[in-house]
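A short write-up of the structure that comes next.
The values are calculated or read from the model by the stated rules, or taken from the named source; none is laboratory data. In this text, all values refer to a predicted model and were calculated from it rather than measured experimentally. Counting neighbours? That spans all protein chains shown, and the Cβs are built from the backbone with ideal geometry, glycine included. These area figures cover heavy atoms from the full protein model, side chains too; ligands, DNA and RNA do not enter into them. Shrake-Rupley method; radii C 1.70, N 1.55, O 1.52, S 1.80 Å.
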Amino acid sequence: MKLKFTLLLIAITTIVFAQNEWKPGYILKTQQDTIRGFLLNKSYNENSHGISFRVNKTEQSTTYSPKDIYGYRFKEGKFYISKYVDSNTGRVFLEYLVNGELDLFFYQDNSGDNHYYVKKEHLSLKELKYKDKIIRKEGKKYIFENNKYKGLLSYYTKETSGIKKDISRLNNVDHKSLIKFAKKYHELSCEDGECMIYGKNLKRKIFVAVNHESLFYTGKYLEDSDTKQDSYISVKAYFQQLEQSEQLFTFIGINTFYSDNRYYPYRIGVPAGFEYISSKSGFSLNGSYSMDIASFFILNYLGGGINYKAGNIIIQTRASLVINLLSFDMIGVSPSFGIMYSFR
């Protein structure tokens, strides 16, 4: 059962993440030569290795590699330029996070690991190394913190004394902390404040959702239960995880049951997990995985379904397999129907 569960999770993830969306934007054949049209937005890693472009929605698209064009930009703000990184990575499209006195770039590799790079006038492109090392010695595990990125930032900003404390206080290497640092350095270095070309604005999407769900029991759980099904209302809050994917959201919520079942007698559920939510209008697939905190993580839900998006409203249908994590057998199937609203 454990193997089937893993394979199903991989299958759902593959299906939902295969969805892409055409968005308005432009390509830069050179730094000054701009052609406007539509860009096919994919995953961070796919966006770094090539971009499909078409002038209008009816013509056939052309795919450009980092060797073909200078860069491209979505109308909503995402900005990529072609850069040679190193002998292992080669030439890719790096996403511009800040283009100012200190340039900041982002790249996500095939395994999903994030890499951040800095560049400055007269100084070459360098990666901010921040991955901690785990070393085992005499049966014990030791974690060595990698602070090389702080030394590199200190060197690249050495002429500005007012930024030193900010470097020492950096504990996380992610979009938010690095963009905040680069923008502050820019403000201290650029007296008139007009030399900033681009600074990505991180506006994370937040959803709230209300669903009506049921749990239809199967197997021994059906035989041992007082009822064939439970019904409940679910309220959840979703938070976009921009560092991993634009379509990936974590959520937490509460389920209120209103039927009796002696096998699982608790009346409140607290689901927490992650869900894929496409940003495109109209119909799209969704996929999710969650566990119920109120059941001490015994109940796990693996689901998939269809969304319909119109403006800030999403109508959602989904069916989930409910798994007992202790025995890895299936408790039942849980269909749901609900509505989601985006605050931004």
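Mind listing whichever residues of the stretch 33-64 are among the polar types (S, T, N, Q) and touching a Phe, Trp or Tyr at 6+ places or on another chain (Cβ under 9 Å)? Talk me through it step by step, then tell me what you get.
The initial filter retains those residues of the stretch 33-64 that are among the polar types (S, T, N, Q), namely 34, 41, 43, 45, 47-48, 52, 56, 58, 60-63.
Those that are among the polar types (S, T, N, Q) and touching a Phe, Trp or Tyr at 6+ places or on another chain (Cβ under 9 Å): 34, 41, 43, 45, 47, 48, 52, 56, 61, 62, 63.
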Pairs with Cβ under 6 Å, 6+ apart, first in the stretch 23-42 and closer than 15 Å to residue 54 by Cβ, second among the acidic types (Asp, Glu) and open to solvent by 20 Å² or more (accessible area, probe 1.4 Å): 41/21
Residue check, residue 342 within 30 Å of residue 23 (Cβ to Cβ) and either out of contact with any strand residue (DSSP E or B) (no Cβ under 9 Å at 6 or more places or on another chain) or small (Gly, Ala, Ser) (or both): yes
Residue count for the stretch 45-54, restricted to those that are open to solvent by 20 Å² or more (accessible area, probe 1.4 Å) and either among the polar types (S, T, N, Q) or assigned to a helix (DSSP H, G or I) (or both): 3
From the options 57, 42, residue that is open to solvent by 70 Å² or more (accessible area, probe 1.4 Å) and more than 12 Å from residue 107 (Cα to Cα): 57
